[in-house]
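The values are calculated or read from the model by the stated rules, or taken from the named source; none is laboratory data. Everything numeric here is computed off the predicted structure, so don't read it as measured data. Every residue, glycine as well, gets a Cβ built from its backbone with ideal geometry; the counts of neighbours run over all protein chains shown.
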Amino acid sequence: MDDNTQKKSGGRLVLGKITAIHDAFILTDPTLTPADIRDRTGLPASTVQRLVAILVEQGFLDRADEGYRADVRMAHWDAPSLQGAELVDTARPVLEALRDETGETAALFQES
């Protein structure tokens with residue numbers, strides 16, 4: 001493998017780890033400690049510490065109490081992806097999670 005190929009695959013590897021860290025955060029558990037992130041991602045503690053520090057520095061994560069949460073910047077970047085999406089399609093995963101967590105009916109009504 002030449003140096004250029006190694007750099008490209010190394011970049012993908014880091015991006016995969018960063019993606020895993022962001023995937024660890026869920027609506028029902030939005031604040032995670034470094035240990036939570038390590039447990040959910042399977043990444044070594046040193047990797048979690050290094051990448052979380054970078055993500056905080058770059059504004060992708062915020063410090064919150066004893067842990068971290070997704071920064072508002074992520075919502076700003078996510079907003080364009082929802083443009084033009086049907087409200088029901090967007091809300092469905094949240095409503096299903098709410099239903100599953102509470103054992104109750106979850107519904108969304110849109111006024112025309």
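Of L43, L27, which residue is under 18 Å from the mean Cα position of the chain (by Cα) and surrounded by fewer than 15 Cβ atoms within 10 Å (Cβ to Cβ)?
L27
Just one of (1) of a type outside the set (F, W, Y); (2) exposed (fewer than 10 other Cβ atoms within 10 Å of the Cβ); (3) at pLDDT below 75; (4) farther than 28 Å from R99 by Cβ trips up Q6, so point out which.
Only one criterion is unmet by Q6, namely (2).
Could you tell me which numbered condition A35 fails, if it satisfies all but one of (1) modelled with pLDDT under 90; (2) exposed (fewer than 14 other Cβ atoms within 10 Å of the Cβ)?
With respect to (1) modelled with pLDDT under 90; (2) exposed (fewer than 14 other Cβ atoms within 10 Å of the Cβ), A35 is out only on (1).
Considering only residues that are modelled with pLDDT of 80 or more, assigned to a helix (DSSP H, G or I) and among the charged types (D, E, K, R), which ones fall in the stretch 67-88?
Correct list: R73 only.
Quick one: count up the residues across the stretch 10-52 that are of a type in the set (D, E, K, R), under 21 Å from D78 (Cβ atoms) and assigned to a helix (DSSP H, G or I).
Going through the stretch 10-52 one residue at a time, the tally reaches 3.
Which ones in the stretch 12-24 are under 13 Å from the mean Cα position of the chain (by Cα) and loosely packed, with under 13 Cβ neighbours inside 10 Å?
Of everything in the stretch 12-24, those that are under 13 Å from the mean Cα position of the chain (by Cα) and loosely packed, with under 13 Cβ neighbours inside 10 Å turn out to be L15, G16, T19, D23.
Just name the residue that is modelled with the highest pLDDT out of those in the stretch 89-112 that are loosely packed, with under 10 Cβ neighbours inside 10 Å and in a helix (DSSP H, G or I).
T102
When the residues of the stretch 50-106 are narrowed to those that are polar (S, T, N, Q) and touching a Lys or Arg at 6+ places or on another chain (Cβ under 9 Å), which ends up farthest from G16 (Cα to Cα)?
T105
Residue-wise test of (1) hydrophobic (A, V, I, L, M, F, W, C); (2) assigned by TED's automatic domain parsing to the domain that holds T28.
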{"site": "E57", "(1), (2)": "no, yes"}
{"site": "A79", "(1), (2)": "yes, no"}
{"site": "L87", "(1), (2)": "yes, no"}
{"site": "T90", "(1), (2)": "no, no"}
{"site": "A107", "(1), (2)": "yes, no"}
